[in-house]
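Chemist: Quick one: structure below, then a few questions.
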Amino acid sequence: MADSSQVGDTPRIELDCIEDVSTSTTRQIKYIKPSGVQGNWDALLTGTVMYYDAEAGDIDEDGNWCLQTYAEWGDGRIFHGEMFKYIVKSNG
């Protein structure tokens, strides 16, 4: 994954969990926008890499975003991956 994009882009966001989360029942990429707004995107998995294909309107603030993988299992186990910085630049 590139570590930056521009406002309005629709990149594929990929984060390596390093751990095997293939049997998890929930997979998400959590984010914190520069404004402090928090949310998550449902993620797909290939190997140990979670990914999300951003849609129009997802990448809507310039500045430093924080991204983190999240997985949970039906038996109550939870996994939080490492936090990553993702830079979004204005496109003007």
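Chemist: Being more than 12 Å from residue 13 (Cα to Cα) and within 11 Å of the chain's Cα centre (by Cα) is the filter here; which residues of region 46-64 pass it? Break it down into steps so the answer makes sense when it comes.
Modeler: Taking region 46-64 first, the residues more than 12 Å from residue 13 (Cα to Cα) are 46-48, 56-57, 60-64.
Within region 46-64, no residue meets the criteria.
Chemist: For region 50-57, does any single residue satisfy the condition of being closer than 19 Å to residue 77 by Cβ and of a type outside the set (Phe, Trp, Tyr)? Walk me through how you get there before you give the answer.
Modeler: Here is the first cut: in region 50-57, the residues closer than 19 Å to residue 77 by Cβ are 50.
With of a type outside the set (Phe, Trp, Tyr) added as a condition, the list becomes 50.
Yes, some residue in region 50-57 is closer than 19 Å to residue 77 by Cβ and of a type outside the set (Phe, Trp, Tyr).
Chemist: While we're on this one: Looking at the structure I just gave you, is residue 64 among the polar types (S, T, N, Q) and closer than 15 Å to residue 4 by Cα? Working first, answer last.
Modeler: On the way: among the polar types (S, T, N, Q): yes; closer than 15 Å to residue 4 by Cα: yes.
For residue 64, the condition - among the polar types (S, T, N, Q) and closer than 15 Å to residue 4 by Cα - is met.
Chemist: Test of understanding: among 18, 78, which residue is surrounded by fewer than 16 Cβ atoms within 10 Å (Cβ to Cβ), free of Cβ contacts under 8 Å to residues at least 24 places away in the same chain and of a type in the set (A, V, I, L, M, F, W, C)? Explain how you work it out, then say what you get.
Modeler: On the way: 18 fails: free of Cβ contacts under 8 Å to residues at least 24 places away in the same chain.
Exactly one of 18, 78 is surrounded by fewer than 16 Cβ atoms within 10 Å (Cβ to Cβ), free of Cβ contacts under 8 Å to residues at least 24 places away in the same chain and of a type in the set (A, V, I, L, M, F, W, C), namely 78.
Chemist: For region 23-47, enumerate the residues that are β-branched (Val, Ile, Thr) and farther than 12 Å from residue 65 by Cβ.
Modeler: Hits for region 23-47 are 23, 25, 26, 46.
A short reminder: the numbers here are calculations on the coordinates, not readings from a lab. Predicted model only: the values in this text are computed from it and were never measured. Note that each Cβ is placed from the backbone with ideal geometry, even for glycine, and that neighbours are counted across all protein chains shown.
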